[in-house]
There are 2 protein chains.
Amino acid sequence: MEEFEETTPHAAGESGGTGAPYDLITMGRIGVDLYPLQTGVPLPQVTSFGKFLGGSAANVAVAAARLGRRTAVITRTGDDPFGTYLHEALRGFGVDDRWVAPVPGLPTPVTFCEVFPPDHFPLYFYRQPKAPDLEIDAHELDLDAIRAARIFWVTGTGLSEEPSRTATLAALAHRAKAGTTVFDLDWRPMFWHDDRRDGMRGSRRGPDTARRFYAEALRHTTVAVGNVDEVEIATGEREPHAAARALLDAGVRLAVVKQGPEGVLAAGSGGEPVQVPPLPVEVVNGLGAGDAFGGSLCHGLLAGWELGRIMRYANAAGALVASRLECSSAMPTADEVEAALTAGAVR
Amino acid sequence: MEEFEETTPHAAGESGGTGAPYDLITMGRIGVDLYPLQTGVPLPQVTSFGKFLGGSAANVAVAAARLGRRTAVITRTGDDPFGTYLHEALRGFGVDDRWVAPVPGLPTPVTFCEVFPPDHFPLYFYRQPKAPDLEIDAHELDLDAIRAARIFWVTGTGLSEEPSRTATLAALAHRAKAGTTVFDLDWRPMFWHDDRRDGMRGSRRGPDTARRFYAEALRHTTVAVGNVDEVEIATGEREPHAAARALLDAGVRLAVVKQGPEGVLAAGSGGEPVQVPPLPVEVVNGLGAGDAFGGSLCHGLLAGWELGRIMRYANAAGALVASRLECSSAMPTADEVEAALTAGAVR
């Protein structure tokens, strides 16, 4: 069996040292999730919402921290009480918030969802006129820390607008495939707005624009992760095996294609692809499952596990989050993941 | 004592007829209010929010409907589930939603608040890139219905951006002071953005720009309502008596200056000004009290009450809403207002 990184698991004492490299630095979205406290009903019938830390990059850092990893997130908030909350929440989850800064004049994004288990969870983003996390500027980056991190994680949304796009690509280029560099393909067409004033209502830059920047990011990527829609944007291929091959041809060492109910396909540059079925679970809210998967993927890569074990573990973590309403605060501990794996299902 | 309109109170059967004029048509803001279910703590510590119909123009229509008046609101929502909710909520409150239409591409606004009784209730608006209610276009207006309404109510926010500004002024001009035309001065500096793409972060058009449009609206106004900040924008005067005189000089027949703990000053073009102290109340959330005041003001004007009675009644309605967390669903019935007036306080 292929092992992806010959690294020692995270030592307990390490997280106290500020000089030691991070296990994981993520870069990208953060925001406040407002999730219905009544599920299975449309938004008009929801009477109250719970407030949670959200945003994919933040959630992945939380997921890995919950598994004992030393993590940080590079992102931006509004200069407002919700921004203060996000700092407090990150620290509460053990994620370093030193690279989380406020952007004056832009509100902290909020996201609502509708919860229709098992598979329909529409999102309603309030990220206008611009999300602060797209205001990350290249010159603000701690490139040494990014280069030193054992894993660096970026997302496709970070490529959708400037200056975040240049910053993301600059960070990737500086890192130059040191250690593990994960590109979460994260294709969200609603974020690829036209640059004009009336962008939200005007035409959108299509997948063609995205593909160019996705290709540039892939050149600096060692691990690419995405669902079938996302790998299609990155490669033009929807069929999982073909998409995985195209990602490997683009230079990544590991391609992970999430297929929902069909499970996960993982293909490394050496060895046979691994196909892992989903863990049986009664879904409460599928949102956040992908971020749990991502944080666990990092955990497994850092531990140097073989590919099948990493995928089973990440699948189980995702299933656990899907069995819970919230995202960040639902990220499972190692004990919970092991218990689900032993049981063969999320109970 | 001065009486403001010699009109018969609303007859019970009238609200069934679609041809009859409305008692009140309001034009302006609508949105979803998300109010903390934990009060007295900052937003970072709030864990859940209740969802309510909000927006000043909508709330005023709800307040008057709760008092038995036939009302409608002219506004716009997003083409999204929150927009659907606002239609359902308006109808639930007995407010006609026939002039509430969706604007594709713009999300329904949401507003968060912090609740620090008795007098600090910061608002956090999500109305970017533009609120749908500022997309009301003059050619979409039912000018005959607006002219026929016994009271027509507009707000200063409706003057902040085009095409709403032109639509608001066109409606006022067409009405030409028929019946009662209320201008809720409603000065919210954060809505007076620069027109440039980076407006939210750039310079704002100041009070000087607003004053020009306020003056134009006042020419078509019979009743002006505002707090001391708002009357200063409209008249340059902060001192309540001076501001009221300036509003009367501008041609209104009734000027109402809300002074918070000092009570309310109402000055008509004939007769002595009336100063009414606030009703004692343990404040839970001051937001919405002004809209309750406004709906009751309309109710009293429609009933042809003398000025002192109208002000005491409107004050009591405002105090009742201040004693409750939410706005729209907190609007009092006539029985509740009468009980508070009899008790001399909100219990």
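Counting only other residues whose beta carbon sits under 15 Å from that of B:Asp186, what net charge do I get with K and R as +1, D and E as -1?
-1
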In which sequence would B:Ile233, A:Ile136 go, from the one with the fewest C-beta neighbours within 10 Å to the one with the most?
-> B:Ile233, A:Ile136
Shortest-first distances to equivalent copies, position A:Ala20, nm, label 7 Å out along Cβ | 7.7
Computed over segment A:63-145: relative contact order in percent, which uses C-alpha pairs under 8 Å that are six or more apart = 30
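Given R₀ = 56 Å, what would the calculated FRET efficiency be for A:Asp142 paired with B:His241, taking r from the Cβ atoms and rounding to 0.05?
Working: r = 60 Å, r/R0 = 1.07.
Calculated transfer efficiency: 0.40.
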Scanning chain B for helices, which whole DSSP H stretches are 18 Å or more long along the axis (Cα) and average 0.0 or more by Kyte-Doolittle?
-> B:289-303, B:307-322
Under 1.5 on a/c is rounded, so check that first for segment B:137-270, then, if it is not, pick prolate when a/b is larger than b/c and oblate when it is not; a ≥ b ≥ c are the square roots of the alpha carbon gyration tensor eigenvalues.
-> oblate
Please identify every one of the trypsin sites (Lys or Arg not before Pro) in segment A:253-315 that sits in a loop by DSSP and has no more than 14 other beta carbons within 10 Å of its own beta carbon.
-> none
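If the only charges are +1 at each Lys and Arg Cβ and -1 at each Asp and Glu Cβ, what is the size of the charge dipole of the protein assembly as shown around the Cα centre, to the nearest 20 debye?
Details: 64 positive and 88 negative charges, 96 e Å.
So the magnitude is around 460 debye.
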Could you grab the relative contact order for chain B? Cα pairs under 8 Å, six or more apart, rounded to a whole percent.
-> 18
Report, in debye and to the nearest 20, how large the dipole of chain A comes out about its Cα centre when Lys and Arg carry +1 and Asp and Glu carry -1 on their Cβ.
-> 320
Please work out the C-alpha center-to-center distance from segment B:234-276 to segment A:202-252 and express it in whole Å.
-> 65
Cβ neighbours within 10 Å from other chains - mean over A:107-115 | 3
Prolate/oblate/rounded label for segment B:199-326 (Cα gyration tensor, a/c 1.5) | oblate
Which lysines have a Cα less than 24 Å from the Cα of B:Lys130, not counting those fewer than 8 places away in the same chain?
-> A:Lys130, B:Lys51
Separation of alpha-carbon centers, segment A:106-168 and segment A:306-347, rounded to whole Å = 24
Where nothing but the Cβ of Lys and Arg (+1) and of Asp and Glu (-1) is charged, how large is the charge dipole of segment B:56-212 around its Cα centre, in debye to the nearest 20?
-> 480
Among A:His87, A:His220, A:His241, what is the fewest-to-most ranking by other Cβ atoms within 10 Å?
-> A:His241, A:His87, A:His220
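All of the numbers you see were taken from the coordinates with simple rules; none came from a lab. This one's a predicted model, so the numbers in the text were calculated from it and none came from an experiment. Glycine also receives a Cβ, built like all others from the backbone with ideal geometry; neighbour counts cover every protein chain displayed.
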